[in-house]
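Asker: The structure's right below; bear with me while I get my questions together.
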Amino acid sequence: MENILLDVRGLKTYFHISLGVVRAVDGVNLCVSKGEAVGLVGESGCGKTMTAHSIMKLVPSPPGFIEEGEIWFRNTDLLRLGEQEMRKFRGREVSMVFQDPMTYLNPVMKVGKQIAEVLVSPTRDRTVIKLLESVGIPDPLKVADQYPHELSGGMRQRVLIAIAMANDPPLLIADEPTTALDVTIQAQILDLIKTIKTEKGTSLLLITHDLGIVAEMCDRVYVMYAGKIVESGDVFSIFEEPLHPYAQGLLRSSLSIAEFRENLETIEGTVPNLLDPPSGCRFHPRCPMAMSVCKEKEPSLIQEKPGHEVSCWLYEKDGRDRNHS
Amino acid sequence: MAKDGSVKSYILRRLLHALPLLLCVVVFNFTLIHMAPGDPIQSLIGEFPAPEAYVEAMRSAFGLDKPLYVQLWLYITNILKGDLGFSFYYRQPVLAVIVERVPATLQLMIPAVLFSALAGLLLGIFSARKPYSLSDNAISSFALLGYCLPIFWLGQMLMLIFSIKLGWLPSQGIKTLGAELEGFKAFADRLSHLFLPALALSIRHVAINVRIMRSSMLEVSYEDYITLARSKGLDEKTIVARHMLPNALLPVVTIIGLDIGFLFTGSVLVETVFGWPGIGRLMYESILKRDYPVLMGTFLITTVLVVLTNLIVDLIYLWLDPRVKYGRK
Ligand SMILES: Nc1ncnc2c1ncn2[C@@H]1O[C@H](COP(=O)(O)OP(=O)(O)O)[C@@H](O)[C@H]1O
Ligand code: SF4
Ligand SMILES: [Mg+2]
């Protein structure tokens, strides 16, 4: 498709540690079109951050290695680029906003300098002060001259967004941009990202574990579980009728948090260990619908409805024939 | 250094805090030395028999017949007046004897500190770029060795090889005696004399600094702000110089500051081995000669120098780390 900006195919990112191999990202397919906002949801530890870091080729190596796959950005497979060519993509074509604004700014460098160094060519509209203004920082002249520890978490996240947007990249990856912030600030930061997206037409890959944020911000969503994409589709369709039992649970628990706090529903069991993931469908130890086949064979990703894919034996024809255990 | 609290008041406060420390050092050294065996008068008069009356006269002339606490009190009040006592051996005021030696010690110490800092940092940074590579392992082994070698042994080995066997460098003193050199020649002469003692004195500290700088650089390289720097598309050199180094330096600066005290200890050995006319050798000689006033004076001056250098190092730290303010610490 002409319109596709980012196309990740069969991405595998493993960590080789003394205990064995952590399959953090294990065959992820994902794409983002121009101007589209795509969500990537899943519990903590399922590999969302490492998917994002793989796209930027920022996986800490060693121990992390991108083992397989292709990451097409327009007509370039980023995985084939050398480090020097890759640098031209970072911050210009793809930018990233990180999870924890407290630790991602250099503590001994002034904020203004940290923004200035990413600017490819400062022009009248693209100055540090203009950028700080554009992300809603009230006193940009003062803030530019301050150190990160002098700013609040919300302000620091705005600075990080200013850094990410400095060169107007076509794709912005936001990795849980509000998780570390106060609830009131969270809404402001999401608003800011939304504004940027509509004003600049930036494509967005938004990583979160909060389905509420996805509903508010995204056009399409990928549900990730234990290093794999288990369901994807447009936000409307997935919220209306989630297909994968994990997505169903995720949705129920997010609704119960929002509406009936005392009646909190969560998915039973714990996130699997990616050093030794469960056989077959990785969700089977926690799945209320698990069948005998689920333990043995991995379901493939199938298109159940137009634009809505799921990886679950419940939807595979021969899977359904193999009855319940 | 535009921070709240002025630099001046910070320095003043630090110096005031140092006074009780100096007092303790004085009292401790005084007590310790007067508990040591040996009679200074004996070494003053010499081995030959002297009339009892003469010995007593000398004793009272130097105030050695008074009770210890009176002697201590006199000593302290005299120090406050700038009088560190009178040298038995040199027959000069102690202060004059020491002040004469200060430039030589600084001439050895300052290059040694700078060299150990610079070499340590550069090797540490280089080592951390490719951890566990051949060059890293080589540097780490060298650092381990340099850390273990005793200074006096190293000094003698360097002298044996480079002065006696190869004859490349002079073995003793701070300059060629009797030679009337001027300008660049004088400088070169001093430099050639400096080389071996400074090297002997620095090696251990180069080793310490390499190890700390290496681990500090490695630690910093996993920090989130380095990931941010990478995500900006900066090249590796910029990331190392602009983002890693300023952060990695912080712990190293602290260690260098703490180390300076040990460098003084080392200088006693090095100055003795190389016949360097500084405070270290003076300390050693005054022990041999039981020249107690001079010995106590060198202790005091050394303490003052350590306090001052630590202050300078702390000021550098404050300048490097915007998170620390003058008020704290
Ligand atoms: N440096 C690392 N070394 C070893 N394992 C890692 C490292 N970083 C991440 N992982 C593993 O990769 C998996 C995915 O991590 P991550 O992508 O951060 O999850 P998420 O962002 O979804 O919370 C986790 O199980 C984690 O243990
Ligand atoms: S494949 Fe089986 S275990 Fe996995 S989600 Fe579907 S039903 Fe549950
Ligand atoms: Mg994460």
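Asker: Restricting attention to the stretch B:188-227, report how many residues are open to solvent by less than 10 Å² (accessible area, probe 1.4 Å), in contact (Cβ under 8 Å) with a residue 40 or more places away in the chain and facing chain A (nearest Cβ under 10 Å).
Answerer: 0
Residues are listed down the side, and each one gets a yes or a no for (1) more than 16 Å from ligand 1 (Cβ to nearest atom); (2) without any contact (Cβ under 8 Å) to a residue 24 or more places away in the chain; (3) assigned by TED's automatic domain parsing to the domain that holds A:ALA24:
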| site | (1), (2), (3) |
| --- | --- |
| A:ASP145 | yes, no, no |
| A:ILE173 | no, no, yes |
| A:HIS209 | no, no, yes |
| A:VAL235 | yes, no, yes |
| A:PHE239 | yes, no, yes |
| A:SER253 | yes, yes, yes |
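Asker: Pairs needed: first member in the stretch B:228-249, without any contact (Cβ under 8 Å) to a residue 24 or more places away in the chain; second member anywhere, of a type in the set (Lys, Arg); C-beta distance under 6 Å; at least 6 residues apart or different chains.
Answerer: B:SER231/A:ARG90; B:GLY233/A:ARG87; B:GLY233/A:ARG90
Asker: Can you confirm whether the stretch B:253-261 contains a residue that is among the small types (Gly, Ala, Ser) and either without any contact (Cβ under 8 Å) to a residue 12 or more places away in the chain or within 19 Å of B:TYR89 (Cβ to Cβ) (or both)?
Answerer: Pass one, the stretch B:253-261, residues among the small types (Gly, Ala, Ser): B:257, B:261.
Narrowing further to those that are either without any contact (Cβ under 8 Å) to a residue 12 or more places away in the chain or within 19 Å of B:TYR89 (Cβ to Cβ) (or both): none.
Taking every residue of the stretch B:253-261 in turn, none turns out to be among the small types (Gly, Ala, Ser) and either without any contact (Cβ under 8 Å) to a residue 12 or more places away in the chain or within 19 Å of B:TYR89 (Cβ to Cβ) (or both).
Asker: Output the residue which, of all residues in the stretch A:296-305 that are in a loop (DSSP other than H, G, I, E, B) and out of contact with any strand residue (DSSP E or B) (no Cβ under 9 Å at 6 or more places or on another chain), is farthest from ligand 3 (Cβ to nearest atom).
Answerer: It comes out as A:LYS297.
Asker: Could you look through the stretch A:65-103, keep only residues that are farther than 24 Å from A:ASN3 by Cβ and in a strand (DSSP E or B), and pick out the one that is farthest from the other protein chains (Cβ to nearest Cβ)?
Answerer: Out of the qualifying residues, it is A:GLU68.
Asker: Now a separate question. Provide a single number: the residues in the stretch A:42-60 that are within 11 Å of chain B (Cβ to nearest Cβ) and more than 6 Å from ligand 1 (Cβ to nearest atom).
Answerer: 7
Asker: Further question on the same structure: Would the stretch A:117-126 turn up any residue that is open to solvent by 50 Å² or more (accessible area, probe 1.4 Å), under 23 Å from the mean Cα position of the chain (by Cα) and of a type outside the set (D, E, K, R)?
Answerer: No, there is no match, as no residue in the stretch A:117-126 is open to solvent by 50 Å² or more (accessible area, probe 1.4 Å), under 23 Å from the mean Cα position of the chain (by Cα) and of a type outside the set (D, E, K, R).
Asker: Sticking with this one: Being open to solvent by 40 Å² or more (accessible area, probe 1.4 Å) and at the interface with another protein chain (Cβ under 10 Å from one of its Cβ atoms) is the filter; apply it to the stretch B:228-239 and report the residue that is nearest to A:PRO63 (Cα to Cα).
Answerer: From the stretch B:228-239, those open to solvent by 40 Å² or more (accessible area, probe 1.4 Å) are B:230, B:235-237; that's our starting set.
From what is left, the residues that are at the interface with another protein chain (Cβ under 10 Å from one of its Cβ atoms) are B:230, B:235-236.
Numbers: B:ARG230: 17, B:ASP235: 21, B:GLU236: 19 Å.
Top of the filtered list is B:ARG230.
Asker: Could we say that A:PRO148 is modelled with pLDDT of 90 or more and open to solvent by less than 10 Å² (accessible area, probe 1.4 Å) here?
Answerer: yes
Asker: Looking only at the stretch B:295-311, decide whether some residue is of a type in the set (A, V, I, L, M), within 14 Å of another protein chain (Cβ to nearest Cβ) and either open to solvent by 40 Å² or more (accessible area, probe 1.4 Å) or outside any helix (DSSP H, G or I) (or both).
Answerer: No: zero hits.
Asker: Given (1) over 30 Å from B:LEU250 (Cβ atoms); (2) in a helix (DSSP H, G or I); (3) free of Cβ contacts under 8 Å to residues at least 40 places away in the same chain, identify the lone condition not met by B:PHE152.
Answerer: If we test B:PHE152 against (1) over 30 Å from B:LEU250 (Cβ atoms); (2) in a helix (DSSP H, G or I); (3) free of Cβ contacts under 8 Å to residues at least 40 places away in the same chain, just (3) comes out false.
Asker: Please go through the stretch A:303-312 and pick out each residue that is at pLDDT 90 or above and either within 8 Å of ligand 2 (Cβ to nearest atom) or farther than 16 Å from A:ALA226 by Cβ (or both).
Answerer: Of everything in the stretch A:303-312, those that are at pLDDT 90 or above and either within 8 Å of ligand 2 (Cβ to nearest atom) or farther than 16 Å from A:ALA226 by Cβ (or both) turn out to be A:HIS308, A:GLU309, A:SER311, A:CYS312.
Asker: Moving on. As an exercise: evaluate A:PRO63 against (1) crowded, with 20+ Cβ neighbours inside 10 Å; (2) within 15 Å of ligand 1 (Cβ to nearest atom) and give the number of the one condition it does not meet.
Answerer: (1)
Asker: Quick one: how many residues across the stretch B:75-91 are without any contact (Cβ under 8 Å) to a residue 40 or more places away in the chain and open to solvent by 70 Å² or more (accessible area, probe 1.4 Å)? Spell out how you get there, then give the answer.
Answerer: So the first thing to find is which residues in the stretch B:75-91 are without any contact (Cβ under 8 Å) to a residue 40 or more places away in the chain, and the list is B:77-78, B:80-83, B:91.
Subset that is open to solvent by 70 Å² or more (accessible area, probe 1.4 Å): B:80-81, B:91.
Residues flagged as without any contact (Cβ under 8 Å) to a residue 40 or more places away in the chain and open to solvent by 70 Å² or more (accessible area, probe 1.4 Å) within the stretch B:75-91 amount to 3.
Asker: Right, another one. Give the residues of the stretch A:1-57 that are part of a loop (DSSP other than H, G, I, E, B), within 16 Å of ligand 3 (Cβ to nearest atom) and hydroxyl-bearing (Ser, Thr, Tyr), sorted by residue number.
Answerer: A:SER44
Asker: Test A:GLU298 against the stated conditions and say whether it is within 9 Å of ligand 2 (Cβ to nearest atom), in contact with a Gly (Cβ under 9 Å, 6 or more places away or on another chain) and either away from chain B (no Cβ under 14 Å) or modelled with pLDDT under 90 (or both).
Answerer: Answer is yes for this residue.
Asker: Those residues that are surrounded by 21 or more Cβ atoms within 10 Å (Cβ to Cβ) and of a type in the set (A, V, I, L, M), I need them from the stretch B:240-251; list them, please.
Answerer: Within the stretch B:240-251, B:MET244, B:ALA248, B:LEU249 qualify.
Asker: Another one. With the condition kept exactly as written, say whether any residue in the stretch B:286-293 is hydrophobic (A, V, I, L, M, F, W, C) and either within 14 Å of chain A (Cβ to nearest Cβ) or open to solvent by less than 30 Å² (accessible area, probe 1.4 Å) (or both).
Answerer: No, the stretch B:286-293 has no match at all.
Asker: Continuing with this model, one more query. Would you pick out the residues in the stretch B:267-285 that are of a type in the set (S, T, N, Q) and open to solvent by less than 10 Å² (accessible area, probe 1.4 Å)?
Answerer: B:SER267
Asker: Six or more apart or on different chains, Cβ under 7 Å: which pairs go from a residue in the stretch A:45-71 that's modelled with pLDDT under 90 to one that's within 16 Å of ligand 2 (Cβ to nearest atom) and open to solvent by 10 Å² or more (accessible area, probe 1.4 Å)? Could you list them?
Answerer: Between residues of the stretch A:45-71 that are modelled with pLDDT under 90 and residues that are within 16 Å of ligand 2 (Cβ to nearest atom) and open to solvent by 10 Å² or more (accessible area, probe 1.4 Å), the close pairs are A:GLY45/A:VAL271.
The values are calculated or read from the model by the stated rules, or taken from the named source; none is laboratory data. What you see is a predicted model; the values in this text were computed from it and never measured. Note: ideal-geometry Cβ built from the backbone for every residue, glycine included; neighbour counts use all protein chains shown. Keep in mind that these areas ignore ligands, DNA and RNA; they rest on the heavy atoms of the full protein, side chains included. Shrake-Rupley method; radii C 1.70, N 1.55, O 1.52, S 1.80 Å.
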